[in-house]
Ligand code: ADP
């Protein structure tokens, strides 16, 4: 929830950016559309003038001829009509018929098409004709038979077609005015091509900005996660340090007691305890120093050719002795005397960390198993337990520095979140890797791969 709030301004900025991009592209499109239409309109006007210079009828000569002929017949018909309904029907009939005749006269369209082609423009056009009015003329009085209704004219204006010219013509018994539009067949494709640079730039800038945003968000989240881990680490560390310190303090006070001063055995026992706790304290401090040293310098391992089974058996024996009856331990090796380049000290620490975790994270009597076998190029070591297991989401992080699976109570089991980080570092320093496979409540298997000697 807090993350959403933190990123709200970021999302808002991204949304504004997308809207701005959309607006810019839309405006560019509208402008291009206007320029496109203007270009075709002015070129078409030029073409019509050019055509008129040698043919005063600008292409519709044949159509006007027919219209003149037919209009006389229609005029006769219109004079005999009795009601308005019939005249409306006749008007529609005349409009449709005259439009058809005008459309069939392709001279202008063909001329325009050639003219566009000459100028390198798109030649595929579709002519559209809208008749605005047709007057049939009687010698005595003008008779208006057809006039385009307002709604029809509006429809023409919103149409995507380009108005090229409004033609008027007058004959013996007619007067006509019609709009000549053209549709450019590939208008959208042509415009897209012309706008491609803006579109590509816009898409690219969107991608770049998004990538920057995502990267910033990720590094911010990572920072936050690390700072959380560090805080947990300091809490755990304080707890870990306090335990031996308070034992030493209490032991120190005990030594001052009159009864203890005279009891040689008690003094030795207390001194031993102080010694043990001091060593533990020292180990903790060394661990921190070591880790901070890794950060600054490359992790140094002193590798020797070592028989893996022998070393594993030694580590396992020590572990079994330490564990005693407190755990069920088994081992199985199928290593054929293979050896590997190993730093025995670090390797021992690595396996011990896994073994100790197997015990630490088991609720009942720990059941721990060590297995090892060889693959084509590696020695594979498996440390498994039947403990509390690790959820899938935590499995991704357990090898991170300071990471501890949150249980609600951070002191439920002691630790600094460094053990597995150490395991990973050591495996990698040996040219290998570590992975985990686990199911919550069922147990875990840690698998270490180390290259074998050839
Ligand atoms: P620490 O044990 O000090 O917390 P580690 O780096 O060794 O740190 O382990 C990180 C976390 O991984 C532990 O907090 C624990 O929750 C989980 N974990 C490690 N080993 C096991 C295991 N064998 N079974 C269940 N959980 C484990």
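Cα centroid distance between the range 251-305 and the range 323-340, in Å?
Cα centroid to Cα centroid, the span is 30 Å.
Taking the number of other C-beta atoms within 10 Å as the exposure measure, put 114, 320 in order starting with the fewest.
Neighbour counts put them in this order, fewest first: 114, 320.
If packing is taken as the average count of other Cβ atoms within 10 Å, what order do 204-213, 420-429 fall into, highest mean first? Numbers along the way, then the final one.
Working: 204-213: 12.1, 420-429: 20.6.
Going by the mean number of other Cβ atoms within 10 Å, highest first, we get 420-429, 204-213.
Once the piece of chain linking residue 218 and residue 230 is laid out straight, how much longer is it, given 0.36 nm per residue of separation minus the C-alpha distance between them? Working shown, then result.
On the way: separation 12, 0.36 × 12 = 4.32 nm, distance 1.81 nm.
That pair, residue 218 and residue 230, stretches by 2.5 nm at full extension.
What list do you get for 254, 168, 80 if you sort them by fewest beta carbons within 10 Å? Don't skip to the answer; put the middle values down first.
On the way: 254 16, 168 10, 80 7.
By the 10 Å Cβ count, ascending, the order reads 80, 168, 254.
Sticking with the crude label model, points 7 Å out along Cα→Cβ, report the distance from residue 334 to residue 84 in nm, one decimal please.
10.2 nm
Which peptide among 257-263, 42-48 comes first, and what is the full order, when sorted by highest mean count of other Cβ atoms within 10 Å? Walk me through the intermediate numbers first.
Values: 257-263: 11.0, 42-48: 16.9.
The most tightly packed comes first, giving 42-48, 257-263.
Order of 430, 280 from fewest to most other C-beta atoms within 10 Å? Before the final figure, lay out each step's value.
Numbers: 430 22, 280 16.
Lowest to highest Cβ neighbour count: 280, 430.
Mind giving me the FRET efficiency for residue 45 and residue 203? R0 is 35 Å, r the Cβ-Cβ distance, nearest 0.05 is fine. Mind showing how you got there, number by number?
Values: r = 37 Å, r/R0 = 1.06.
Efficiency, rounded to the nearest 0.05: 0.40.
Just subtract the alpha-carbon distance of residue 96 and residue 114 from 0.36 nm times their residue separation and send over the number in nm, one decimal. Don't skip to the answer; put the middle values down first.
Values: separation 18, 0.36 × 18 = 6.48 nm, distance 2.80 nm.
Residue separation times 0.36 nm, minus the Cα-Cα distance, leaves 3.7 nm.
Take the Cα of residue 271, step 7 Å along the line toward its Cβ, and report every residue of the range 233-253 whose backbone nitrogen sits under 19 Å from that point.
248-253
Please compute the modelled spin-label separation between residue 243 and residue 291, points set 7 Å along Cα→Cβ, answer in nm with one decimal.
Distance between label points: 1.5 nm.
If you line up the long axis of helix 344-360 against the longest principal axis of the chain, both from Cα atoms, how many degrees apart are they, to the nearest 10?
The answer is roughly 80 degrees.
Suppose R0 equals 22 Å; then what is the FRET efficiency for residue 211 and residue 28 from their Cβ-Cβ distance, rounded to the nearest 0.05? If you can, show how the numbers build up before the last one.
Numbers: r = 24 Å, r/R0 = 1.09.
Efficiency, from the Cβ-Cβ distance: 0.40.
How far apart, in nm, are the 7 Å Cα→Cβ label points at residue 106 and residue 66?
With each label point 7 Å from Cα toward Cβ, the separation is 1.3 nm.
Only the coordinates and a few stated rules stand behind these numbers; no lab work does. None of the values given here were measured: they were computed from a predicted structure. With ideal geometry, Cβ positions are generated from the backbone for all residues, glycine too; neighbour counts draw on all protein chains shown.
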